Amino acid sequence: MTASDRKPIVTVQQHILQDQRKFPGASGEFSWLLSGVTLATKMIQAKVQRAGLSDILGEFGNVNVQGEIQQKLDVYANEVLHHNLSVRESIGILASEENEKPITIKHATPDAKYAVIFDPLDGSSNIDVGVGVGTTFSILKRPENADYHDVDRWLMQPGTKQVAAGYVVYGSSTILVYSVGRGVHGFTLDPAIGAYVLSHEDMRMPEQGKYYSVNEANRDSFSAGYQKFLDNLRHGLNGKRYSSRYIGSMVADVHRTLLKGGIFLYPPTAENPGGKLRLLYEASPIAFLVEQAGGIATDGFRRILEIEPTSIHERTPMAVGSRVEMEELARCLKES
Ligand code: AHM
Ligand code: MG
């Protein structure tokens, strides 16, 4: 193979700029905004990689708004995202799983058009054991007629209004997956050059997979419909047998589901009757990506993307996956 036969390397930055050229009207400010996310996630991955070497492991000592003990890396990841994003003049508001209230930056200036909502380090209970964790982000635009100061109007928008969403999974490699509503693309961080390089162009979910992913320890408190669904999968669907895979880091479990098909679900449980995952910064961006890749994302009954949020940290049941498994789930829930 000669050098000219080789496919050129496309970095995430190039990809965003090329995409914007195809769609005149899209402005460079948006790629500048996304570069804040990519830089922050490179900094987070550098810390995650060294987690076992430094004194970064362990609890920070605080309890966050969800009542969970914050990990040092949660705090670091949150700070890094705030630091990098707050210098992007197009961003007016930041909201994070780790902060009770949204943080307004330059929201009262005409340049500030976007709100970025994120979970800085999802699955952080896995940090101490070397298992993959992730960052999720969702980007919303200030509604045309919303007052600059009306923070709720910026943030309380259904997932259909997202202008971009994505995640980074810090696993055996670090992979950024994002969409601006024109397909889903994945980029693997090349540590040698410090750049995210296009590795998964136009990701499409298979129609059916072979894995289901759920915390089965909660099974006794699932409703009859969910239990029936899991029974059906165990007996096989369309002649296909299933295996279970559940890491306990949503981003890693969803990443596998996007690539291999199947289903990831977190149904209502006795402990979390309204679901465990957070609508705005976990379920919404994931649902956006899954739909863009040809999959389906619901709370069991409704499209996640159509749920009208009422508070920043609200939770929702969530099921995302391939068409065959998601249709079977809908059928089981309807009949039960
Ligand atoms: P976190 O944002 O506090 O890390 O919680 C979300 C995580 C998800 O990554 C994961 O899917 C789920 O919680 C695991 O919960 P459980 O241990 O109840 O199965
Ligand atoms: Mg989380």
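The values are calculated or read from the model by the stated rules, or taken from the named source; none is laboratory data. All values derive from a computational prediction rather than experimental measurement. A quick note on method: Cβ atoms are made from the backbone with ideal geometry, for glycine too, and the neighbour counts reach across all protein chains shown. For the accessible areas, the whole protein counts, side chains as well, though only heavy atoms, and no ligand, DNA or RNA atoms are used. Shrake-Rupley method; radii C 1.70, N 1.55, O 1.52, S 1.80 Å.
Things worth noting here:
- Highest mobility in the GNM of the chain, judged by mean-square fluctuation with C-alpha springs under 10 Å and restricted to ILE193, ILE117, ILE127, is found for ILE193.
- For the chain, built as a Gaussian network whose Cα springs stay under 10 Å, the top-fluctuating residue of PRO206, PRO267, PRO191: PRO191
- Value of relative contact order over segment 90-245, rounded to a whole percent, pairs C-alpha under 8 Å and six or more apart: 12
- Cα-Cα pairs of the chain separated by more than 36 Å (percent): 17
- Amide H within-cut-off set for GLY186, under 5 Å, with H built and near neighbours excluded: SER199, HIS200, GLU201, ASP202, MET203
- Total formal charge among the other residues, if their Cβ is under 12 angstrom from that of LEU81, Lys/Arg +1 and Asp/Glu -1: -3
- With K and R counted +1 and D and E -1, the other residues having a Cβ less than 13 Å from that of LYS228 yield a net charge of +1.
- Here the 3J(HN,Hα) profile of segment 313-330, calculated from phi with Karplus coefficients 6.51, -1.76 and 1.60 at θ = phi - 60°, is 9, 5, 10, 8, x, 8, 9, 9, x, 6, 4, 4, 5, 5, 5, 5, 4, 4 Hz, Gly and Pro shown as x.
- Sequence-separation-based contact order of segment 211-335, relative, with Cα cut under 8 Å and 6+ spacing, percent: 30
- Three-way shape call for segment 98-151 based on the alpha-carbon gyration tensor, with the a/c threshold at 1.5: prolate
- At an R0 of 51 angstrom, the distance between the Cβ atoms of ASP190 and ARG323 translates into a FRET efficiency of 0.95.
- Two-site label geometry, LYS260 and ASN238: point separation in nm, points 7 Å out along Cα→Cβ: 1.7
- Carbon/sulfur fraction of accessible area - segment 211-335, other protein chains in place, 1.4 Å, %: 46
- Distance between segment 111-165 and segment 210-244 - C-alpha centres, whole angstrom: 31
- Per-residue ellipticity at 222 nm computed for the chain from its helices equals -9000 deg cm²/dmol, with DSSP H segments shorter than 4 residues left out and the rest contributing -39,500 (n - 2.57).
- Normalised per residue, the accessible area of the chain is 44 Å², obtained with a 1.4 Å probe and no contribution from ligands, DNA or RNA.
- Each Cα pair under 8 Å and six or more residues apart adds its sequence gap; the mean of these over the residue count of the chain is a relative contact order of 15 percent.
- Taking amide hydrogens as placed 1.01 Å from N in the peptide plane, the amide H of TYR148 sits under 5 Å from that of no residue at least 5 positions away in sequence or on another chain.
- Counting only Cβ charges, +1 for Lys and Arg and -1 for Asp and Glu, the dipole size of segment 276-331 around its Cα centre is about 100 debye.
- Gyration tensor over the Cα atoms of segment 63-172: the corresponding equivalent ellipsoid has semi-axes (square roots of 5 times the eigenvalues, largest first) of 27, 14, 12 Å.
- Site pair THR160 and ASP231 shows an inter-label distance of 3.6 nm when each label is modelled 7 Å from Cα along Cα→Cβ.
- With a threshold of 20 Å on the Cα-Cα distance, the over-threshold entries among LYS7/LYS210; LYS106/LYS141; LYS47/LYS260; LYS210/LYS276; LYS47/LYS72 are LYS7/LYS210; LYS47/LYS260; LYS210/LYS276.
- Neighbourhood charge, 12 Å Cβ-Cβ cut-off, centred on CYS332 and excluding it, Lys, Arg +1 and Asp, Glu -1: -2
- Calculation over all alpha carbon pairs of segment 211-335 in 10 angstrom steps from 0 returns a P(r) of 14, 50, 33, 3, 0 percent.
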